[in-house]
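S.K.: Can you keep this structure in mind? I'll have questions shortly.
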Amino acid sequence: MSILEGKRAAGEAAAARVKSGMKVGMGTGSTAVWAIRGVGDRLASGEIHDVIAVATSSQSEMECQKLSIPLRSMNDPEINGHLDLTIDGADEIDPDRNLTKGGGGALLIEKIAAYSSEAMIVVVDDSKLVENLGLVFPIPVEVLPLARVSVMRAIEGLGGRPEVRMAERKMGAVITDNGNIIVDVRFSEPINPLEMETRLSRIPGVLGNGLFTQVHPTIIVGQGDGTIEEI
Ligand code: 5RP
């Protein structure tokens, strides 16, 4: 019994809500991967059919390919920029169901999928529920590399402490699936998530940020004993 069990329970419960014919955004991370596996298993067994997916990262793309889940891009005519459901993890969730995402560096495509979806299910273990976003887990911001210095200065002007996310097992910055860098931002005081999402988006050179305030998702929380709770 562990956090891992909670992640698995939440992911599998979300996979069980995918219906035949749905266009599904497949999220990123160690919890969302269980949802992808669940959908893959249900497709393979014939329980559901005609599901097509959009991957939100190279991780979820590889997982879908391994499981033969048909993939399309957001621009594909079959998707036409609109999804029925996105299932994804989160790094923090506040009581108003605002999210911080991007711990896996995939926030830009994750947000495009989430904001283009009819519905979203967020799958988390119970360690992700917090009172205020941005105090413990930083807000990730995807930045065009040539704008690094000016963006970091602008973020300081908003009261944030920006730090370039550094790679492990490679020297230098983390480079996203889109060829950009990630700046992680911590705040000392509680922020207004909606206001901060907008302010960060307005900085020239910012391509996206990990505050998700516009999705009002269903949240499935997996507990360490393998049970789930829906918020
Ligand atoms: C990736 C994400 C992930 O969904 C988030 O980091 C949660 O990951 P995990 O389920 O592994 O804790 O936003 O960019």
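The values are calculated or read from the model by the stated rules, or taken from the named source; none is laboratory data. Treat the numbers as computed from the prediction; the structure is a model and nothing was measured. With ideal geometry, Cβ positions are generated from the backbone for all residues, glycine too; neighbour counts draw on all protein chains shown. Accessible surface is based on the protein model in full, side chains and every heavy atom, while ligands, DNA and RNA are left aside. Shrake-Rupley method; radii C 1.70, N 1.55, O 1.52, S 1.80 Å.
S.K.: For the chain, with all protein chains present and a 1.4 Å probe, just round the carbon and sulfur fraction of the accessible area to a whole percent.
M.R.: 51 percent
S.K.: If you place +1 on the Cβ of every Lys and Arg, -1 on the Cβ of every Asp and Glu, and leave all else neutral, what size is the dipole of the stretch 10-57 about its Cα centre, to the nearest 20 Debye?
M.R.: With Lys and Arg at +1 and Asp and Glu at -1, about 120 debye.
S.K.: Sort 215-226, 42-53 for me by packing, meaning the mean count of neighbouring Cβ atoms within 10 Å per residue, highest on top.
M.R.: So the order, starting with the most tightly packed, is 215-226, 42-53.
S.K.: Can you pull out the GluC sites (Glu not before Pro) in the stretch 73-180 whose DSSP state is coil and whose Cβ has at most 10 other Cβ atoms within 10 Å?
M.R.: Qualifying residues, ordered by number: 78, 131, 168.
S.K.: Can you tell me the accessible area per residue over the stretch 139-210, all protein chains present, probe 1.4 angstrom, in square angstrom?
M.R.: Solvent-accessible surface per residue comes out at 56 Å².
S.K.: Still on this structure: Tabulate in residue order the Karplus-calculated ³J(HN,Hα) for the stretch 95-104, using 6.51 cos²θ - 1.76 cosθ + 1.60 with θ = phi - 60°, rounded to whole Hz; enter x for Gly and Pro.
M.R.: Once θ is set to phi - 60°, the couplings for the stretch 95-104 become x, 8, 6, 6, 10, 10, 10, x, x, x Hz.
S.K.: With a 1.4 Å probe and all protein chains in place, put 177, 76, 184 in order of accessible area, largest first.
M.R.: Result of the area sort, largest leading: 177, 76, 184.
S.K.: Which ³J(HN,Hα) values, rounded to whole Hz and listed in residue order, are derived for the stretch 33-40 from phi using the Karplus coefficients 6.51, -1.76 and 1.60 in 6.51 cos²θ - 1.76 cosθ + 1.60 with θ = phi - 60°, glycine and proline given as x?
M.R.: Computed from phi, the couplings for the stretch 33-40 are 4, 6, 5, 4, 4, x, 5, x Hz.
S.K.: Can you bin every Cα-Cα distance in the stretch 56-142 into 5 Å intervals starting at zero and give me the percent of pairs per bin, rounded to whole numbers?
M.R.: That works out to 3, 13, 21, 24, 20, 10, 6, 2, 0, in percent per bin.
S.K.: Next question. Tell me the relative contact order for the chain as a rounded percent, counting alpha carbon contacts under 8 Å between residues six or more apart.
M.R.: Reported as a whole number, the value is 25 percent.
S.K.: Give me the percent of DSSP beta bridges within the chain that run antiparallel, rounded to the nearest 5.
M.R.: Working: 22 of 41 bridges.
Beta bridges within the chain, antiparallel portion: roughly 55 percent.
S.K.: Right, here's the next one. Please find, in a Gaussian network model of the chain (springs between Cα atoms separated by less than 10 Å), the residue of 38, 172, 205 whose mean-square fluctuation is greatest.
M.R.: Evaluated over the chain, the most mobile residue of the options is 172.
S.K.: Pull up all non-local amide H partners of residue 53: gap of 5 or more, or a different chain, and H-to-H distance under 5 Å with H placed in the peptide plane.
M.R.: 24, 71, 72
S.K.: Now a separate question. Please check: in the Gaussian network model of the chain (C-alpha springs, under 10 Å), which one of 135, 211, 85 has the largest mean-square fluctuation.
M.R.: Per the Cα network of the chain with a 10 Å cutoff, 135 tops the list.
S.K.: At a Förster radius of 22 Å, what calculated FRET efficiency corresponds to the Cβ-Cβ distance of residue 47 and residue 216, to the nearest 0.05?
M.R.: Calculated transfer efficiency: 0.20.
S.K.: Between 15, 32, 90, which gets the highest mean-square fluctuation from a Gaussian network model of the chain, Cα cutoff 10 Å?
M.R.: Highest fluctuation of the listed residues: 15.
S.K.: Do any trypsin sites (Lys or Arg not before Pro) in the stretch 179-231 lie in a DSSP loop with no more than 10 other beta carbon atoms within 10 Å, and if so, which?
M.R.: Those satisfying the criteria are 202.
S.K.: From the phi angles alone, apply the Karplus equation (6.51, -1.76, 1.60; θ = phi - 60°) to the stretch 208-218 and give each ³J(HN,Hα) in whole Hz, x where the residue is Gly or Pro.
M.R.: With coefficients 6.51, -1.76 and 1.60, one gets x, 9, x, 7, 10, 10, 10, 9, 6, x, 6 Hz.
S.K.: I'd like to know how the chain sits against the 2.2 N^0.38 Å rule of thumb: what's its Cα Rg over that expected value?
M.R.: 0.99
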